Amino acid sequence: MKAVEVKVLLKTLPKPRMLEFPGVTDTRGSLYFVEARNHVPFDIARVYYINDVPNGESRGWHAHKTLQQALVVLSGSFEVELNDGEQSFKFQLMKANQGLYLPPGYWRGINNFASGSVLLALTSAYYDPDDYIRDYDEYLAWRRQGQIGTGSLHAD
Ligand code: TYD
């Protein structure tokens, strides 16, 4: 009997999910709020925002090794496309009380910005260029390394 090494692609990435933020609407308009560790599942270290995206442009085709984010549409709408190396998912953000929780590890892009859209990102860490993977082939290699479990199978 000889031992054969088995490599298994573990689908262990935490799942992205839509978040709903509390808000108060009255005759003066709407107010929404987001509390760290309460309405997003991390401590907020940094906020960035994106506006003035020209028609047809897309942003953010990269992955983060550790960063957690919540993407919020303050105005307009956009679509977030996620890829885990095997499958793609799309999320449409169009309501100011919605956010998309984005765990680390996904290849992601943002596109189909409606004219005048404003994207707010709440993030778990300061800007760190070393946390980025900006090349899709590199991302796939990283996924294979980082998410692979090895085991032994005994075969005759
Ligand atoms: P980039 O990653 O290209 O934006 P996107 O992911 O939306 O396509 O970032 C644009 C520039 O802004 C790049 O030079 C890095 C810089 N930047 C910071 O300095 N701090 C930040 O918090 C972020 C998000 C980007």
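Calculate what fraction, in whole %, of the accessible area of segment 103-142 sits on carbon and sulfur atoms when a 1.4 Å probe is rolled over the protein chains.
With neighbouring chains kept in place, the figure for segment 103-142 is 51 percent.
Please give the calculated 222 nm ellipticity per residue for the chain, where each DSSP H segment of at least 4 residues contributes -39500 (n - 2.57) and the sum is spread over every residue; nearest 500 deg cm²/dmol?
That calculation yields -2000 deg cm²/dmol at 222 nm.
Which value, in debye to the nearest 20, describes the size of the charge dipole of the chain about its Cα centre when Lys and Arg Cβ atoms bear +1, Asp and Glu Cβ atoms bear -1, and nothing else is charged?
The dipole of the chain has a size of about 300 debye.
How many Å² of accessible area per residue for the chain, probe 1.4 Å?
For the chain, the solvent-accessible area averages 60 Å² per residue.
Report the net charge of residues surrounding Phe21, where surrounding means a beta-carbon distance below 15 angstrom and charges are Lys +1, Arg +1, Asp -1, Glu -1.
+1
In segment 72-89, whose amide N lies under 18 Å from the spot 7 Å out along Cα-to-Cβ of Ala114? List them in ranges.
What the label zone holds, given the 18 Å backbone N cut-off, is 72-81.
In a GNM of the chain with a 10 Å cut-off on Cα contacts, which of Pro129, Pro14, Pro22 has the highest mean-square fluctuation?
Pro129
Counting only protein chains, not ligands or nucleic acids, how are Trp142, Trp107 ordered by accessible area (probe 1.4 Å), most first?
Trp142, Trp107
For segment 12-131, what class follows from the C-alpha gyration tensor (a ≥ b ≥ c being the square roots of its eigenvalues): rounded when a/c is under 1.5, otherwise prolate if a/b is larger than b/c, else oblate?
It is oblate, given that a/c is not under 1.5 and a/b is not larger than b/c.
Report the Cα centroid-to-centroid distance between segment 59-83 and segment 15-40 in angstrom, as an integer.
Rounded to whole Å, the Cα centres lie 17 Å apart.
What does the extension gain come out to for Glu57 and Glu20, with contour length at 0.36 nm per residue minus their alpha carbon separation?
10.6 nm
Describe numerically, in nm with one decimal, the distance between label points set 7 Å from Cα along Cα→Cβ at Glu35 and at Leu74.
2.3 nm
Within the set of other residues whose C-beta is less than 12 Å from the C-beta of Arg59, count the net charge using Lys and Arg as +1 and Asp and Glu as -1.
Once all neighbours under 12 Å are counted, the net charge is -3.
Which distance in nm do the two modelled labels at Arg28 and Asp137 give, with both placed 7 Å along the Cα-to-Cβ direction?
Label at Arg28, label at Asp137, 5.7 nm between them.
Determine the dipole magnitude for segment 22-81: charges of +1 sit on the beta-carbon of Lys and Arg, -1 on that of Asp and Glu, nothing else is charged, the reference point is the Cα centre, and the result goes in debye to the nearest 20.
The calculated dipole for segment 22-81 is roughly 200 debye.
Angle check, please: helix 136-146 long axis (alpha carbons) against the longest principal axis of the chain (alpha carbons), in degrees 0 to 90, nearest 10.
Its long axis makes an angle of about 60 degrees.
The values are calculated or read from the model by the stated rules, or taken from the named source; none is laboratory data. These numbers were taken from a predicted model, which means no experiment stands behind them. Reconstructed Cβ throughout: ideal geometry from the backbone, glycine too, with neighbour counts over all protein chains shown. To get the accessible areas, we keep the full protein, side chains included, count just its heavy atoms, and leave off ligands, DNA and RNA. Shrake-Rupley method; radii C 1.70, N 1.55, O 1.52, S 1.80 Å.
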